[in-house]
1. Looking only at the range B:169-186, which residues are in a helix (DSSP H, G or I), surrounded by fewer than 16 Cβ atoms within 10 Å (Cβ to Cβ) and either more than 9 Å from chain A (Cβ to nearest Cβ) or in contact (Cβ under 8 Å) with a residue 12 or more places away in the chain (or both)?
2. From A:ALA129, A:ALA102, A:ALA81, A:ALA118, grab the single residue that is closer than 30 Å to A:GLY179 by Cα, without any contact (Cβ under 8 Å) to a residue 60 or more places away in the chain and either of a type in the set (A, V, I, L, M, F, W, C) or within 9 Å of chain B (Cβ to nearest Cβ) (or both).
3. Part of a helix (DSSP H, G or I) and more than 28 Å from the chain's Cα centre (by Cα), is that true of A:ALA172?
4. B:GLY218: at pLDDT below 90 and surrounded by fewer than 18 Cβ atoms within 10 Å (Cβ to Cβ), yes or no?
5. Exactly one condition in (1) part of a helix (DSSP H, G or I); (2) over 21 Å from B:LEU70 (Cα atoms); (3) not polar (S, T, N, Q) is not met by B:ILE191; state its number.
6. If A:ASP86 satisfies every condition in (1) crowded, with 24+ Cβ neighbours inside 10 Å; (2) of a type outside the set (Val, Ile, Thr); (3) at the interface with chain B (Cβ under 8 Å from one of its Cβ atoms) but one, which is the exception?
7. For the range A:242-254, how many residues meet the condition of being buried (at least 18 other Cβ atoms within 10 Å of the Cβ) and either among the aliphatic types (A, V, I, L, M) or farther than 30 Å from A:LYS46 by Cβ (or both)?
8. Residues of the range B:31-46 being free of Cβ contacts under 8 Å to residues at least 40 places away in the same chain and farther than 18 Å from B:PHE255 by Cα, which ones?
Amino acid sequence: MSPAEPALIRYILTGVALLFLGLFLLIPLAAVFVQAFEKGVAVYFKAVTEPDALAAIRLTLLVAAISVPLNLLFGVVASWAIAKFDFPGKSLLLTLIDIPFAVSPVIAGLMFVLLFGARGGVFGPWLTAHGIKIIFAAPGIVIATLFVTFPFIARELVPLMQAMGSEEEEAAVVLGANGLQTFFLVTLPNIKWGLLYGVTLCTARAMGEFGAVSVVSGHIRGETDTVPLHVETLYNEYNFTAAFAVASILAAVSVAALAAKKIMQLKVER
Amino acid sequence: MRKKNRVLPGFGLTMGFTLVYLGLVVLIPLSMVVVSVSGMTLKDFIGTVTDPRVTASFELSFGASLTAALINAFAGLLVAWVLVRYEFYGQEVVDALVDLPFALPTAVGGIALTAVYAENGLIGKYLALVGIKAAFTRLGVVIALTFIGLPFVVRTVQPVLKDLDRELEEAARSLGAGRWQTFRRVIFPAIMPASLTGFALAFARAVGEYGSVVFISGNMPMKTEIAPLVIMTKLEQFDVKGAAAVALVMLIVSFFVLLAVNLLQWWNGRYGTAG
């Protein structure tokens, strides 16, 4: 160990760092729960169980239930191709997979309006003629969420599978295992914590996405409002306590995701 | 380095699926922005993106994102340092909390920050005492963007700092360098590329951010209206092409930031201690 700083400097640096995190993270997080319960438990439960809130929760769960498995499939398949084989253009492919991280959520929503919107969308006239509604309906919300959460699982698995190497899989194949057996019996046990972590992140983001979904949803209360959009609707109606009550559900989910991440991280380190 | 591998099956199938899925979900939709703008005349495009309300929003988005990323570059370095080098009660909890802006839905972050930093809020009322108005001003935009970019610098610097060879520092110390000199000449150069990567990622994220900003900014045109909100407003007025024009400018900036990040990561891999 190199000699540490004098105790006083250590305390000052730690204090300033914790103050910064307190002002920007802890106090706002605590404020969500404080505001949610400001008018008592009864008001809280009324806000989270009224029909529009329940409809929003159902829609959000549906969106996550479709988009997360699809991106999980992509993440596993893409990381197999990228981590286990060498091919030209690999870093370009990784950069392309990262695109949704760098694109503004609002632009993500806009792209799908340009594709499927009834006004100004490329497939708009065709979809209208066939009575199919994507924008301002659930399918648009699912597609926008699919885009926004696209890289999460792949980005978690690629470095993990690269670090594992391929020796174990090669041994399995040489001993006669087929591709799927090799994956499920050899690769999967090695990557399960990283996979679970990626799925957790992806789910949290899928349930919480706001900007992209806001563009394509159309904000029809009780129909195309997801939980974050319902929070916005309530907030804009100056119904602050109800807005924070519904928001506290999402905040609780994200705190659970963070705790799960920490536990998985400690398991991997062990 | 891995060598060429022909033993394992499934390359054609998995690569094919990867490319098709990438094309359908990401590349084709993204190209629509370019296709849509190419349907405009050059005069219309320039007219749209140089409209005073639009340029004011670019100025705010880029300026506030830069400020927030700079705050995070310093604060993030400090947080990473404290988490790696010191021990204190509740360290693991603090470490987990750093990722909160990644996990918390942006709309929830937005209303929470507004509640806390409004004039009657927990922190806002103390700021008001010294005459600082945070919510519904440009300062509010910077606060929201600092929140959203906070994890990036911490998470890029932390692993590099962890892997840093302590012997180098000991060598510097035994050769007579002071603590500050050791930091400046030995530690700082090693973590510089990672800090820059984190800074660029935080900036890129902040430029496109929407949910956490719209509640705290007040959304006054020419004053506190960010670029993503301009896109939103144009869409609400069914000006799809105008929205695509503003989006294209933002995408071009994001592209260059992403390019810079990739160059930095390459530099980091070459000169830094992290692989």
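1. Looking only at the range B:169-186, we keep the residues that are in a helix (DSSP H, G or I), and these are B:169-174, B:179-186.
Subsequent filtering for residues that are surrounded by fewer than 16 Cβ atoms within 10 Å (Cβ to Cβ) retains B:170-171, B:174, B:180-181, B:184-185.
Within the range B:169-186, B:ALA171, B:SER174, B:TRP180, B:GLN181, B:ARG184, B:ARG185 qualify.
2. On the way: A:ALA129 fails: closer than 30 Å to A:GLY179 by Cα; A:ALA102 fails: closer than 30 Å to A:GLY179 by Cα; A:ALA118 fails: closer than 30 Å to A:GLY179 by Cα.
Checking each option against the conditions leaves just A:ALA81.
3. Details: part of a helix (DSSP H, G or I): yes; more than 28 Å from the chain's Cα centre (by Cα): yes.
Criteria met by A:ALA172.
4. So B:GLY218 passes the test.
5. For B:ILE191, the failing item is (2).
6. Unmet for A:ASP86, out of (1) crowded, with 24+ Cβ neighbours inside 10 Å; (2) of a type outside the set (Val, Ile, Thr); (3) at the interface with chain B (Cβ under 8 Å from one of its Cβ atoms): (1).
7. As a first pass, look at the range A:242-254 and keep what is buried (at least 18 other Cβ atoms within 10 Å of the Cβ): A:242-251, A:253-254.
Those left that are additionally either among the aliphatic types (A, V, I, L, M) or farther than 30 Å from A:LYS46 by Cβ (or both): A:242-243, A:245-247, A:249-251, A:253.
Residues in the range A:242-254 being buried (at least 18 other Cβ atoms within 10 Å of the Cβ) and either among the aliphatic types (A, V, I, L, M) or farther than 30 Å from A:LYS46 by Cβ (or both): 9 in total.
8. B:SER38, B:THR41, B:LEU42, B:LYS43, B:ILE46 - these are the residues of the range B:31-46 that are free of Cβ contacts under 8 Å to residues at least 40 places away in the same chain and farther than 18 Å from B:PHE255 by Cα.
The values are calculated or read from the model by the stated rules, or taken from the named source; none is laboratory data. If you're wondering where the values come from, they're calculated on a predicted model, not measured in any experiment. All Cβ positions, glycine included, derive from the backbone under ideal geometry; neighbour counts span all protein chains shown.
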